Structures are given as structure tokens and as C-alpha cells.
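J.: Okay, handing you the structure first.
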Amino acid sequence: MSQDDVPTGSDLSSLLRAGLQKPLVTMHTDLEPLRQSVRRIEDRWPNMAAPDERDREDIVRELAERHSSNNWHACQLSLVCAGIRAAFDRKRRIRKDLAELHSFYLSEIEVTIHPPLLTAALATYLESFEPGAIHTRRLAEALNSARIRLAPRSEALLKHFPHLLDPRRIVNDIVKVMMKTEVPYQRLVEMGLRTPHGPGLMDYAHLCFVSEISSKLGDNYICDRFLEWLGPKGKQPRRTGSAEAIDAIIGPWAQKDPPTDRQSVLTRRLVEMYGDPRRIKGDPWFRIDKTNRTVFLRWLTGENLRLLFDAITDTNDNHMWVERREFYLWLHNQKRIDAAWVAFAPAGENQARRILEGAGHGGGLEFGRQVARGTRSNTSLLIAKIGSKIVVDGSHSYKVHMFRDNDPIAPQLFLPHYDCERIRRDSLESKIHHKGWQNWVLMRI
């Protein structure tokens with residue numbers, strides 16, 4: 001008989017306490033290689049028992065019917081384990097029509113000796129955790145009664161966090177660890193929390209961590225630790241609570257910008273994790289504080305300008321480009337450039353990517369591409385909104401062009417592709433970069 005099969009009987013509790021308690025085969029071989037293989041599988045697929053959303057309703061419906069009719073014939077234990085996570089998820093834990101199924105699971109946790117069910121119950125407690133919620137308290141009470149029967153990995157987690165099953169204390173205990181360690185994500189994994197970016201308990205721990213550390217994020221070292229928590233190397237960045245985290249990072253600099261090199265690190269790292277807010281209109285950027293968003297967009301403008309000038313300077317020795325760099329950075333420092341976007345030619349793009357990769361932020365900024373070929377195949381563009389005007393400037397002796405921002409033919413910012421020849425043909429006002437060109441621009445903006 002497979003241990004994944006629940007035999008027919010009148011009560012699942014008694015069935016789980018039946019012959020499944022005893023191993024089918026007595027083994028005396030060294031099990032450490034097997035244990036290591038199991039750990040590798042758990043590390044790679046820590047949530048493999050969680051059912052997909054599209055299957056959850058079917059699972060709880062079947063289990064509710066089986067419980068109501070007391071018919072467990074041919075019911076697999078894997079279905080029962082998946083069912084507890086479905087029954088206590090955000091959508092279903094408050095449903096009155098599932099109250100009996102919830103009570104059934106709580107009773108089973110108290111009496112079962114079957115490790116997979118207890119492991120699934122603990123995972124359910126962690127991922128459905130809400131301080132003060134009735135279901136969290138009841139799951140904690142049931143698991144406490146089964147504490148001595150938990151699997152070894154669960155026992156190790158409880159050893160590190162003795163108050164894990166005390167909903168009033170565990171969040172603070174986790175935050176204390178996060179505040180003390182240099183690499184919070186890795187430390188929590190080592191202590192047995194396999195998914196530090198998981199839902200439930202870690203959502204609340206994250207928000208408390210943000211609250212505790214926010215006043216210290218003006219310190220570069222502490223802020224770098226926090227950035228590592230948000231986006232650990234080789235992991236997806238944390239999504240839940242990311243807007244609160246971004247606000248905390250930008251907040252210390254709302255009144256005074258950080259040094260340029262630090263501004264670059266923060267800007268590129270946040271864009272690397274959460275995308276460019278000029279092109280991504282959804283979460284997390286639409287939820288951050290309005291003042292912080294304005295600050296960050298200004299940082300992005302500065303980063304685009306510096307990246308453009310650095311990349312073009314490396315590929316173009318024309319002294320006029322140095323003058324353009326000084327002029328537009330001066331306008332930026334005067335806070336006169338509302339927004340800016342860059343469109344690189346292939347050579348400029350390659351150099352820009354080398355600059356970003358050299359700084360450790362290969363995906364840390366977005367930009368467009370200049371697609372005209374022929375004699376303009378090396379021309380890179382700056383597209384800037386300054387007041388009511390759109391200013392387009394470019395490398396390799398390209399003129400500066402001026403458009404009204406409400407002109408239908410004016411180039412829009414943040415597009416993926418631009419043709420500098422088409423912009424030249426559409427422009428009604430342009431100026432060669434001879435003496436006095438800066439005054440020409442200033443008079444028109």
C-alpha cells in the first residue's frame with residue numbers, strides 16, 4: 001500500500017493513525033545522501049505542495065464533499081495536504097460554507113502523526129498569517145498541540161524561533177534577526193525560513209523591517225544591506241511591500257539629493273529590480289509617495305544625461321559634445337529639465353551597456369534606440385522636455401531641434417525607437433552648435 005493513499009474508513013483521523021505509522025521496510029543503510037537530495041529538491045521547489053489557483057476551488061469542493069459524506073475511498077494524502085493550503089488561503093479562509101472543512105483540518109492537525117500533513121499545515125500557517133486573525137490563532141493552537149510530532153526541518157525552524165507559533169511575538173522576533181544580520185535573506189534561509197519573500201508572515205515582517213530601518217537608510221552601508229534584502233543575488237526582487245520599501249529608500253533624500261555616485265547606485269538598483277517608472281505605470285511605482293516619485297524621476301533624468309554623455313564621450317572626441325554635456329547638466333542641476341530620454345545608436349548603446357555592466361547594473365537603466373542609418377548610423381539622441389518645449393539634441397554634428405510639446409509632430413519621450421532623420425525633417429526650428437547656441441536654446445525654453 002502506498003503511503004500516498006488514504007485507505008477507506010469511517011474517519012480520516014483514525015485512518016491516518018492506522019498502519020501508515022509504521023515503515024514498510026526496515027533500512028539500515030546510510031540515509032545521508034538521500035537526505036541531501038531531499039534538501040536540494042526542497043531548496044529548488046520549496047512550495048511545490050501549493051496548488052495552483054485554478055485548481056484550488058476544485059480541491060476544496062472535493063474535500064468538503066468527502067468530509068460531509070465521510071467518504072475517503074481512494075483519496076490521496078497529497079490531495080489532503082494541498083487542500084489545507086487552499087482552504088486557508090486569502091479567498092477561502094473566511095468562507096462560511098467551508099467552516100466545517102476548516103474545523104476538520106484543525107482537528108486533524110491535533111491528532112495526525114503523518115509528517116506531510118503537519119508540514120503542509122505549518123506552511124499554511126506561515127503563508128496565511130495575519131496578526132489577530134482568528135484562523136491564524138486557531139492554526140497556531142493546533143500546531144502547538146502537535147509540536148512534538150513536527151518534521152525535523154520544522155523542529156529546526158522552531159529551535160531558531162521558539163515563538164514561531166505565537167502570533168503576537170513572532171513578527172518582532174524575525175525583525176530582530178533581520179536588523180542584526182548583514183544579509184537578512186540568507187540568514188533567514190539558514191534558520192529554516194525557506195521563502196523569506198513568501199506571503200503571510202513574511203509580508204508583515206517585511207513591513208515592520210521597513211519601519212524599523214527607514215530612519216537609518218541615509219547610511220550607505222545600511223541601505224546596501226536593505227537593497228540586498230529586496231533583491232538578493234539570483235532571486236526575484238520582493239514585490240509585496242515594495243512601494244513602502246522604495247519610499248523608505250528615497251525618503252532621506254527628499255530635501256537634499258545624495259552625492260552623484262550614490263544617486264547612481266540607488267537609481268540603477270531600483271530600476272533594475274522594479275523597472276522604469278516612466279514606462280511602467282503599475283505596481284509598485286503608482287503607490288509610492290508623490291514627492292518621492294518626483295525626486296526619483298529627477299534622479300532618472302540625471303542618470304540618463306550622464307549615461308548618454310559618458311557613452312558618447314567614449315565614442316566621439318568632438319569637443320562640441322563636451323559643451324553639450326556641460327550645458328544640459330547645468331539645466332538639470334537648475335531643475336529646469338522636466339524629463340529626459342536617450343536613444344542610442346548601436347555604438348553608443350554598446351558603450352552604455354559596458355558602462356552599466358562595469359558598475360554592476362547591467363539592467364539598471366532603460367533607453368531607446370536611434371534607428372536611422374547611412375551617414376547618421378552613429379548619431380545618438382537626447383530627447384528632453386523643458387517647460388512647454390521638446391528639445392532634441394544629438395551627437396556627431398547633429399543640430400539641436402525645438403518643438404512645442406503640444407505639437408502633434410513633436411517626438412514623444414520614452415519610446416523604444418527614434419529616427420533622427422525624420423526628426424530633422426519635421427523640425428521647424430533648429431540650430432547648429434556654433435557660438436551662442438546655448439543662448440538660442442535658453443531664449444526658447
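J.: Inspect all residues belonging to segment 294-305 and state whether any of them is assigned to a helix (DSSP H, G or I), open to solvent by 10 Å² or more (accessible area, probe 1.4 Å), under 15 Å from A352 (Cα atoms) and out of contact with any Asp or Glu (no Cβ under 8 Å at 6 or more places or on another chain).
T.: No.
J.: If I go through segment 240-265 residue by residue, how many of them are touching a Phe, Trp or Tyr at 6+ places or on another chain (Cβ under 8 Å) and either over 19 Å from N333 (Cα atoms) or modelled with pLDDT under 95 (or both)? Show your work before the answer.
T.: So in segment 240-265, the residues touching a Phe, Trp or Tyr at 6+ places or on another chain (Cβ under 8 Å) come out as 242-243, 245-246, 248-250, 257, 263.
Filter once more, so that each one left must be either over 19 Å from N333 (Cα atoms) or modelled with pLDDT under 95 (or both): 242-243, 245-246, 248-249, 257, 263.
Total meeting the criteria: 8.
J.: Same structure, new question: Conditions: (1) free of Cβ contacts under 8 Å to residues at least 24 places away in the same chain; (2) touching a helix residue (DSSP H, G or I) at 6+ places or on another chain (Cβ under 7 Å); (3) open to solvent by 40 Å² or more (accessible area, probe 1.4 Å). E182 meets all but one. Number of the miss?
T.: E182 satisfies all of (1) free of Cβ contacts under 8 Å to residues at least 24 places away in the same chain; (2) touching a helix residue (DSSP H, G or I) at 6+ places or on another chain (Cβ under 7 Å); (3) open to solvent by 40 Å² or more (accessible area, probe 1.4 Å) except (1).
J.: Tell me, which residue of segment 119-138 that is touching a Lys or Arg at 6+ places or on another chain (Cβ under 8 Å) and closer than 17 Å to I174 by Cβ is surrounded by the fewest Cβ atoms within 10 Å (Cβ to Cβ)?
T.: Within segment 119-138, the match that is surrounded by the fewest Cβ atoms within 10 Å (Cβ to Cβ) is P131.
J.: Going through segment 84-132 one residue at a time, which ones are under 13 Å from G200 (Cα atoms), part of a helix (DSSP H, G or I) and of a type in the set (K, R)?
T.: Scanning segment 84-132 gives a single hit, R85.
J.: Which of the residues that make up segment 78-99 are among the small types (G, A, S), surrounded by fewer than 22 Cβ atoms within 10 Å (Cβ to Cβ) and closer than 14 Å to E65 by Cα?
T.: Within segment 78-99, just A99 meets the criteria.
J.: Conditions first: (1) touching a Phe, Trp or Tyr at 6+ places or on another chain (Cβ under 6 Å); (2) closer than 29 Å to P162 by Cα. F226 passes all but one, so which condition is the exception?
T.: All conditions pass for F226, except number (1).
J.: Taking only segment 185-200 into account, find how many residues are free of Cβ contacts under 8 Å to residues at least 12 places away in the same chain and either in contact with a helix residue (DSSP H, G or I) (Cβ under 7 Å, 6 or more places away or on another chain) or open to solvent by less than 10 Å² (accessible area, probe 1.4 Å) (or both).
T.: Residues in segment 185-200 being free of Cβ contacts under 8 Å to residues at least 12 places away in the same chain and either in contact with a helix residue (DSSP H, G or I) (Cβ under 7 Å, 6 or more places away or on another chain) or open to solvent by less than 10 Å² (accessible area, probe 1.4 Å) (or both): 1 in total.
J.: While we're looking at this one, here's another question. Do any strands (runs of 3 or more DSSP E) entirely within segment 353-430 hold 1 or more residues that are within 17 Å of E303 (Cα to Cα) and out of contact with any helix residue (DSSP H, G or I) (no Cβ under 9 Å at 6 or more places or on another chain), and if so, which?
T.: 368-370, 381-386
J.: Another question, then. Determine which single condition R194 fails, assuming it passes every other condition in (1) under 21 Å from K180 (Cβ atoms); (2) modelled with pLDDT of 95 or more.
T.: Answer for R194: the failing condition is (2).
J.: Among the residues of segment 411-429, how many are more than 35 Å from the chain's Cα centre (by Cα) and open to solvent by less than 60 Å² (accessible area, probe 1.4 Å)?
T.: Residues that pass the stated criteria total 5.
The values are calculated or read from the model by the stated rules, or taken from the named source; none is laboratory data. This is a predicted model, so every value here is computed, not measured. Note that each Cβ is placed from the backbone with ideal geometry, even for glycine, and that neighbours are counted across all protein chains shown. To get the accessible areas, we keep the full protein, side chains included, count just its heavy atoms, and leave off ligands, DNA and RNA. Shrake-Rupley method; radii C 1.70, N 1.55, O 1.52, S 1.80 Å.
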